[in-house]
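The values are calculated or read from the model by the stated rules, or taken from the named source; none is laboratory data. These numbers were taken from a predicted model, which means no experiment stands behind them. Every residue, glycine among them, receives a Cβ derived from its backbone with ideal geometry; neighbour counts consider all protein chains shown. SASA here: full protein model, heavy atoms, side chains in, ligands and nucleic acids out. Shrake-Rupley method; radii C 1.70, N 1.55, O 1.52, S 1.80 Å.
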Amino acid sequence: MKPAETSRLQRLANTAAGVGVVLALACGALAVAASSAHAAAAIVIVNLNEPGVGFNDPTPVPPVGGNAGTTLGQQRLIAFQRAADIWGGTLDSSVPIRIGASFEPLSCNATSAVLGSAGAYEIFSDFQNAPRANTWYPSALASKLAGTDVATPGTPHIRARFNSRLGLFPDCLPGGGFYLGLDRNFGDGIDLVTVLLHEFAHGLGFQTFTDDETGEQIENLPSIWDYYLLDNRLNRTWVELTPAQRATSAVTWRGLSWNGPIVTANVPRVLDPSSNLAVSGGAAGGAAGDYQVGDATFGPPLSNPPVRGQLMPVVDQTNGTGLACTPLNRLNALAVRGNVALVDRGSCDFVVKAANVQAAGAIGMVVADNQPGDVAGLSGNDPSIAIPSVRVTQADGARIKAALQRRSRTQSGVVASLGLNTTRLAGTDAQGRILLYTPSIYSPGSTVSHYTTEAKPNQLMEPSINDDLTHEVTPPRDLTFPLLQDIGW
Ligand SMILES: [Zn+2]
């Protein structure tokens, strides 16, 4: 059985292109069949590119970051071999794993791009030694569990595609091409080895084969994943839900948890406390309480003891909102001095807002979203920002603003504390299980088959690549391998 190819890694989270389908193999030439001598599982890369392109691109290139290949194609293969060695040294299987790989044009535009996509090439149920009956397993895992290669002869276990045009054309994330070095010194580039580790994980089994938009199973059989996908509101796994219930949980923010024992046991070793905005004070009223917030990529990360002060809104628009896109006027500066500034999202970069409230003497910044949606972070880079910043949803912002209606020029009676919630690890549910990526707007190729974007530190299997990722796939840094262990690796 060939599943739809659904998992893709994006440069920006808001990319959403159509779901690809498995194509017939165009070219079966085996160009590379090496693997690490120390590997516990042999991984074989099957080069599916035609002569002259992709892995066969003869363009001369200088050595980079420990990658001594002399052509673009060679360097791509060497980066692949590094990723294969990392997974090969982590996994255990007596059956060599074949990855059919190619560089080819994938969806992209000037500001975002699909970096790659990958998945199991075939899925199997009820093979020899299958741990669960009537359940789909990805080809590589089924072969490991069976102790023999169950794949259709001549086919790979995993099919992986990578964007050949990335960074090389004005309409494909110009300037943001793949970094082919092996040392993570990627600068402004995108670390290919990291992307490969991510995509290989999908192919090894980090994906459900159940349709995450409709909830329909392939031939009415669940995937091994579905035994661990827990709707944390209904407290039922996907194997126990109707298709409609599965589809609903896939678009319920924070509504789907991974209920596998090996991942959950490792969560406290890997994840950090979540960032928190605590609202209190005599005037807080119905706004009092803890808010989960989105972190900023600029300024200091939140820590304990919290940064604490009166919460004061910036008001610089005729409609009563405050954008802080220009230096604050006298009244706004007076309001935020020594206090935490509440600013609306919109019209300028977050770092511009932070710089303006910081210049006026604010000790922290809360950005309220200007449109409905899930909690999201604040992007941007400005080394001069020295105050912490967080983002709250539009709904939470409205609740907080309601408590700020009556205030003096310098005080609101509403106290904001920006710190860490040590009782809730970032990206987990109330029972300490890691959440999956379930944005309330369905995102094809990203929804469900990734970890949440709220994990800290960032995890390899989030839907977008982050610059702080390492080449590790195991605890204490990363939870990718524990999930594969949960499903049988
Ligand atoms: Zn992915």
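For residue 203, indicate whether it is closer than 23 Å to residue 77 by Cβ and within 16 Å of the ligand (Cβ to nearest atom).
In short, yes.
Any idea how many residues of the stretch 434-455 are within 11 Å of the chain's Cα centre (by Cα) and open to solvent by 10 Å² or more (accessible area, probe 1.4 Å)? Looking only at that region, the number is 3.
Taking the stretch 246-330 as the region of interest, the strands (runs of 3 or more DSSP E) fully inside it that hold 2 or more residues being open to solvent by less than 10 Å² (accessible area, probe 1.4 Å) and closer than 26 Å to residue 212 by Cα are 256-258. For the stretch 378-392, enumerate the residues that are of a type outside the set (Val, Ile, Thr), surrounded by 13 or more Cβ atoms within 10 Å (Cβ to Cβ) and in contact with a helix residue (DSSP H, G or I) (Cβ under 9 Å, 6 or more places away or on another chain). Selection gives 378, 379, 380, 382, 389, 391.
Residues in the stretch 131-151: is at least one within 16 Å of the ligand (Cβ to nearest atom) and under 18 Å from residue 72 (Cβ atoms)? The answer is no; no qualifying residue exists. For residue 448, the requirement of being on the phi > 0 side of the Ramachandran plot, part of a loop (DSSP other than H, G, I, E, B) and of a type in the set (A, V, I, L, M, F, W, C) is met. Are any of the residues in the stretch 161-173 free of Cβ contacts under 8 Å to residues at least 24 places away in the same chain, more than 16 Å from the ligand (Cβ to nearest atom), open to solvent by less than 40 Å² (accessible area, probe 1.4 Å) and touching an Asp or Glu at 6+ places or on another chain (Cβ under 6 Å)? No, because not a single residue in the stretch 161-173 is free of Cβ contacts under 8 Å to residues at least 24 places away in the same chain, more than 16 Å from the ligand (Cβ to nearest atom), open to solvent by less than 40 Å² (accessible area, probe 1.4 Å) and touching an Asp or Glu at 6+ places or on another chain (Cβ under 6 Å).
For the stretch 393-409, enumerate the residues that are open to solvent by 40 Å² or more (accessible area, probe 1.4 Å) and free of Cβ contacts under 8 Å to residues at least 40 places away in the same chain. Hits for the stretch 393-409 are 394, 395, 398, 405, 408.
Against the test of being open to solvent by less than 50 Å² (accessible area, probe 1.4 Å), more than 19 Å from residue 190 (Cβ to Cβ) and in contact (Cβ under 8 Å) with a residue 24 or more places away in the chain, the options 88, 69, 116, 65 yield a single qualifying residue, 88.
For residue 412, the conditions (1) crowded, with 21+ Cβ neighbours inside 10 Å; (2) within 16 Å of the ligand (Cβ to nearest atom) are fulfilled apart from (2).
Cβ-Cβ contacts under 9 Å between residues 6 or more apart (or on different chains), taken from a first residue in the stretch 366-392 that is at positive phi to a second residue that is part of a loop (DSSP other than H, G, I, E, B), are listed as 373/253; 373/393; 373/439; 373/440; 373/441; 380/297; 380/298; 380/349. With respect to residue 254, is the statement that it is on the phi > 0 side of the Ramachandran plot and away from the ligand (no atom under 16 Å from the Cβ) true? So residue 254 passes the test.
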